[in-house]
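The values are calculated or read from the model by the stated rules, or taken from the named source; none is laboratory data. A quick note: this is a predicted structure, and the numbers were derived from the prediction, not measured. Ideal geometry is used to build each Cβ from the backbone, glycine not excepted, and the neighbour counts take in all protein chains shown.
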Amino acid sequence: MPEIRKTFHQHLDEIKADILRLGAMVTERIPWGTDILLSGNLKGAEELIQGDDELDALYWDIEERCYKVLTLQQPMAGDMRSIVTAIRMNSEIERSGDLMVNVAKAARRIYGSEFDPKVRGLIQRMGEEARRLFRMAMDAYAENDEGKAAALNDMDDDLDTLQKDYIKAIFEAGTTERTDLQCVVQLALVGRYYERIGDHAVNIGERVHYMITGWLPEHAGAARVAVRNSLDSPPAAQEA
């Protein structure tokens, strides 16, 4: 292999290693943020919020290196897909970290509020499910595992169901206990944050599938549009 290709693949390996490191940092923040919310840990909330700077710094470093490799190495085929996947995954991971920052901020806003036991239990379960999804997404990337990547979409249904049950429980508790409206709103948002982490995990899985196969769900839609356009075109336009 020419020396320039060795250097290129070294860059790819380093970028992948740092994306996995960024993913591990976010994976750790999911149970951390859940515990902060349930325990009313103000100090922990502040530490998680301030720690987001570290994630942002790594995110920007990875993105700059990806674009540098694209510009200087001009990769082809599978190598191009690897870099494009890295850029998109980097964003999905960073946004997931931001969502756990939002959970910590919600914990500060509703500090001192009492949660219904059913609501507390559902928060715990959503946190566990979001972490499970996110960890599997990162494992799929680390292992180039198409099967794990494909499984994420079905697994996300469980988190979606939990989130719906959670919203119902919040408003039922708010009706019976006259819970403060600010608390109800913040708790509802928290459920959305966990649900969005699941969505990001699914997106990561789709990107891993693309990296391996070159196919994305959007490609099917694009193909249908192309077929419809060809059928709608007048004969003269088709001949031209």
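Okay, here's what the table says:
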| read-out | value |
| --- | --- |
| Close pairs (9 angstrom Cβ cut-off, 6 or more residues apart or separate chains): among the aromatic types (Phe, Trp, Tyr) in the range 7-28, surrounded by 14 or more Cβ atoms within 10 Å (Cβ to Cβ) anywhere | Phe8/Val69; Phe8/Gln73; Phe8/Pro75; Phe8/Asp79 |
| Checklist (1) over 28 Å from Asp35 (Cα atoms); (2) touching a residue at least 40 places away in the same chain (Cβ under 8 Å) applied to Met76, failing item | (2) |
| Selected residue (only one of Arg207, Arg120, Arg131 is under 23 Å from Asn41 (Cβ atoms) and either free of Cβ contacts under 8 Å to residues at least 24 places away in the same chain or within 13 Å of the chain's Cα centre (by Cα) (or both)) | Arg131 |
| Candidate set from the range 39-90 (those that are more than 30 Å from Phe115 (Cα to Cα) and of a type in the set (Val, Ile, Thr)); member that is surrounded by the fewest Cβ atoms within 10 Å (Cβ to Cβ) | Thr71 |
| Hits in the range 21-77 (condition: of a type in the set (Val, Ile, Thr) and under 24 Å from Ala201 (Cβ atoms)) | Val26, Thr27, Ile30, Thr34, Ile36, Ile49, Ile62 |
| Boolean, Asn153 is within 29 Å of Leu12 (Cβ to Cβ), under 25 Å from the mean Cα position of the chain (by Cα) and modelled with pLDDT under 95 | yes |
| Pair list, Cβ < 8 Å and 6+ apart or interchain, from the range 98-111 residues that are within 17 Å of Leu181 (Cβ to Cβ) to residues that are among the polar types (S, T, N, Q) and part of a helix (DSSP H, G or I) | Ala106/Gln186; Arg109/Gln182; Arg109/Gln186; Ile110/Gln182; Ile110/Gln186 |
| Index of the failed condition, Glu172 passing every other in (1) at pLDDT 95 or above; (2) under 26 Å from Gly112 (Cβ atoms); (3) of a type in the set (Asp, Glu) | (1) |
| Filter pass, Ile15 being within 30 Å of Asp165 (Cα to Cα) and of a type in the set (A, V, I, L, M, F, W, C) | no |
| Residue list for the range 8-19, filter: at pLDDT 95 or above and buried (at least 16 other Cβ atoms within 10 Å of the Cβ) | Ile15, Lys16, Asp18, Ile19 |
| Answer from Leu72, Leu48 - the residue that is out of contact with any Asp or Glu (no Cβ under 8 Å at 6 or more places or on another chain) and over 21 Å from Val103 (Cα atoms) | Leu72 |
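For every residue, the table says whether it meets (1) closer than 22 Å to Asp158 by Cβ; (2) in contact with a helix residue (DSSP H, G or I) (Cβ under 8 Å, 6 or more places away or on another chain); (3) at pLDDT 95 or above.
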| site | (1), (2), (3) |
| --- | --- |
| Ile93 | yes, yes, yes |
| Leu99 | yes, yes, yes |
| Ala104 | no, yes, yes |
| Ile110 | no, yes, no |
| Gln124 | yes, yes, yes |
| Gly127 | yes, yes, yes |
| Ala130 | yes, yes, yes |
